[in-house]
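Student: Can you read through this structure? Questions will come right after.
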């Protein structure tokens, strides 16, 4: 029973930081986008009349997905940059 009390006490003290919440939101956004991309690819493959068309359409969808993920990574890096600048300035002063 002491172990259960201890684990409950530790769980109460552990909270997600704001950065963890941001990371979860980013992962959920990427996950939603990837699922939509795969659904689009499935639909395109099912609707395409021949193998060559399926391959071309699927390739276009996946390339679009890569571009969108790159945009999300760039946006995340830009959003993180203002947070890093004060720390860099503080280090350069010493």
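Student: Regarding residue 69, is this residue surrounded by 10 or more Cβ atoms within 10 Å (Cβ to Cβ) and either modelled with pLDDT of 85 or more or not in a helix (DSSP H, G or I) (or both)?
Tutor: Yes.
Student: Further question on the same structure: Please verify whether residue 84 is at pLDDT 75 or above and at negative phi, treating the condition exactly as stated.
Tutor: no
Student: Scan region 32-48 and tell me whether some residue there is modelled with pLDDT of 70 or more, surrounded by fewer than 10 Cβ atoms within 10 Å (Cβ to Cβ) and part of a helix (DSSP H, G or I).
Tutor: yes
Student: Continuing with this model, one more query. If residue 56 satisfies all but one of (1) surrounded by 14 or more Cβ atoms within 10 Å (Cβ to Cβ); (2) over 18 Å from the mean Cα position of the chain (by Cα), what's the number of the condition it fails?
Tutor: With respect to (1) surrounded by 14 or more Cβ atoms within 10 Å (Cβ to Cβ); (2) over 18 Å from the mean Cα position of the chain (by Cα), residue 56 is out only on (1).
The values are calculated or read from the model by the stated rules, or taken from the named source; none is laboratory data. Since the model is a prediction, treat every value here as computed from it, not as a measurement. Here Cβ is always computed from backbone atoms with ideal geometry, including for glycine, and neighbour counts include all displayed protein chains.
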